[in-house]
Every structure is written in structure tokens, then in C-alpha cells.
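Novice: Submitted below is the structure of interest, expressed as C-alpha cells.
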Amino acid sequence: MKLTDRQIAQFRDDGFLILPSLFSPDEVGVLKAELPRLFAERRPENFREKRSDAVRTAMALHRRSDVYARLVRHPRLVEPARQILGGDLYIQQVKVNAKAAFSGDVWQWHYDFATHHGEDGVPEPLALNLHVLLDEATEFNGPIVFIRGSHKRGAAPAVLDTETTSYPLWVVDNETVAGLAAEGGLVAAKGPPGTVLIFGDTLVHGSSINMTPWPRTIFSLILNPVSNALTRRNRPEHQHHRDLSPVVPLADDCLLADADAAG
Ligand code: SIN
Ligand code: MN
């Protein structure tokens, strides 16, 4: 799948793209069917919320599920990333952020490069975050909120927050957020299941709690150029994979085709 010139220009300008319903209900069904088994596992790749046992984020899913092993090589994710970045890309991180009904906690205002640089020594803010909404994201259930154009300011000041949630995160202070939001405005990444979000490493984003009865489950794949790989191994492997093999896309029907046929 190729992005149009207009979509690429919009990505460069806004810092993100929202592509509605790129994956079909059947494909989303296949992805969601894996989650009860994966979330039930007690292992370090599953981070639970600070105040409940609900899964906050489940990592390294391509190592834990054949279906997610295919999703990380899906052409509807990999080809747009290669188009934007050029060159060979490796799989940096693979996760599902669950944001469970009634208990899904906040993701503070942040941009991903603060963590990629601060923890992993990634040299440049080139990585792309490719999301697939696995539930409908509405204004109510804690959608990701982007600050439009915030990537253009480059890496904002950030501090490591180990207190607010169960997941340590390099976050941006309120004053910086206020300035960026006044300039670019906020956009909630809403859409039906199967919607794809693409955003860059310095785009400031966050999400509020989910106090609704509806979960807001999102798959996230981070791809980074092999030429921009990590230089430090501070964090566990599931937070930044060490295998720098270039990702090669599969066939477009790889999620619905038989697992053996898809390789
Ligand atoms: C979220 O799941 O709301 C945050 C995701 C992200 O920071 O990429
Ligand atoms: Mn993020």
C-alpha cells in the first residue's frame, strides 16, 4: 500500500496521519482473538495498571503470537513506513496498549524520542509509530490526542516520570505542552476498529483515563531505520528489540491466509 503525495505532505506538516478502516473487521477479529490468552500470561512483557490488575501494555507480541508475527510484517504498515523513511527498517517495539474499560490509566504528555534517546541511545528522531485501532476510539474512551505540528519544534525538554503510572515514561512539562497546544491545537485520534495512525518520534501526544464501559485497545509497531539503531541496552529486550534484520513485508492477505502459507 502506498501513501499519496498529499498524505505524505500532510504527515510532514501535521506530524501524524489518521487512515480510517485500513484493516477489515475480519482482520481486526483475528487480532483481537489472540488477546485474552496473551493478557492472561504473567510475564515481564505484560505491564499491569498501577491501581488494578488490568493489562496496561503487552509487549513483544510478535514473539508470542503467530498472528502478531504476521502483523509486524504487514504491507499496510511496513510499506508506508518505508515510503516515509526510505532504507531498511528494523522492528524496535511491538505492543498492545489496552486501556481497559473503567480502569485504563492516563498516558502522560510525551513524545517517543525522549525515551528512545534517553534510555536506548537512539541517535536521531526518525522512528515511526504505526498503530492499528482494535476497538473504536471515541472522544470518551481515552483516544490518543496529538498536538498538531508539535514535531516541528524538535525534541522538547523531558523528564523521566516513574510515579504517575506503572510504566516509566519521559514526559513533557505543562508549560511546554501549553505552548505547543496553543500553536497547533489538539486532535483526538478517533475512528472505527481497523483505523491506522502513523506518527513520528517528536510528535507530542498523550491520552486520558478510560472511565467508560468500553475498552480502547490499540496495537503499536515502532519501526526505526537500521542506520539509526539503539546504542545502549539499558532496557529489557521487549522494550527495544536487538534484532536489526530489515523487516520484509508479507502479502496483503497475510492475516486471513493460512498461517503456513503466509510463512
Ligand atoms: C496510548 O496508548 O494512549 C499511548 C500510546 C503511545 O504513547 O504511543
Ligand atoms: Mn508514545
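The values are calculated or read from the model by the stated rules, or taken from the named source; none is laboratory data. Since the structure is predicted, the reported quantities are computational estimates derived from the model, not experimental observations. Counting neighbours? That spans all protein chains shown, and the Cβs are built from the backbone with ideal geometry, glycine included. Remember, those area values only see protein heavy atoms, side chains included, never the ligands or the DNA or RNA. Shrake-Rupley method; radii C 1.70, N 1.55, O 1.52, S 1.80 Å.
Novice: Looking only at the range 19-58, count how many residues are closer than 22 Å to Ser208 by Cβ and in a strand (DSSP E or B).
Specialist: Result for the range 19-58: 6.
Novice: Restricting to the range 199-232, give me the number of residues that are in a loop (DSSP other than H, G, I, E, B), open to solvent by less than 10 Å² (accessible area, probe 1.4 Å) and either within 14 Å of ligand 2 (Cβ to nearest atom) or farther than 27 Å from Asn174 by Cα (or both).
Specialist: 3
Novice: Say whether the condition of being at pLDDT 95 or above, within 16 Å of ligand 2 (Cβ to nearest atom) and not in a helix (DSSP H, G or I) is met by at least one residue in the range 79-90.
Specialist: no
Novice: Which residue pairs have Cβ atoms closer than 8 Å, lie 6 or more positions apart in sequence or on different chains, and pair a first residue in the range 103-117 that is without any contact (Cβ under 8 Å) to a residue 24 or more places away in the chain and open to solvent by 20 Å² or more (accessible area, probe 1.4 Å) with a second residue that is more than 8 Å from ligand 1 (Cβ to nearest atom) and assigned to a strand (DSSP E or B)?
Specialist: none
Novice: Then there's this: Kindly indicate which of Arg37, Arg42, Arg56 is within 26 Å of Glu237 (Cβ to Cβ), surrounded by 15 or more Cβ atoms within 10 Å (Cβ to Cβ) and charged (D, E, K, R). Give the derivation first.
Specialist: Numbers: Arg37 fails: surrounded by 15 or more Cβ atoms within 10 Å (Cβ to Cβ); Arg42 fails: surrounded by 15 or more Cβ atoms within 10 Å (Cβ to Cβ).
Answer to the check: Arg56.
Novice: Just to be sure I understand the filter: pairs with C-beta atoms under 6 Å, separated by 6 or more residues or on different chains, first member in the range 118-143 and within 11 Å of Ile218 (Cα to Cα), second member among the aromatic types (Phe, Trp, Tyr) and more than 14 Å from ligand 1 (Cβ to nearest atom). Which pairs pass?
Specialist: Close Cβ pairs (under 6 Å, with a partner that is among the aromatic types (Phe, Trp, Tyr) and more than 14 Å from ligand 1 (Cβ to nearest atom)) amount to Val132/Phe23.
Novice: Let me ask something additional. May I ask you to list the residues in the range 208-240 that are out of contact with any Lys or Arg (no Cβ under 7 Å at 6 or more places or on another chain), among the small types (Gly, Ala, Ser) and under 24 Å from Val196 (Cα atoms)?
Specialist: Within the range 208-240, just Ser208 meets the criteria.
Novice: Residues that are within 16 Å of ligand 2 (Cβ to nearest atom), at pLDDT below 95 and open to solvent by 60 Å² or more (accessible area, probe 1.4 Å), at least 2 per element: which strands (runs of 3 or more DSSP E) completely within the range 122-173 meet that? Full working, then the answer.
Specialist: On the way: elements: 128-133, 145-147, 159-161, 169-171.
Filter on the range 122-173 gives 159-161.
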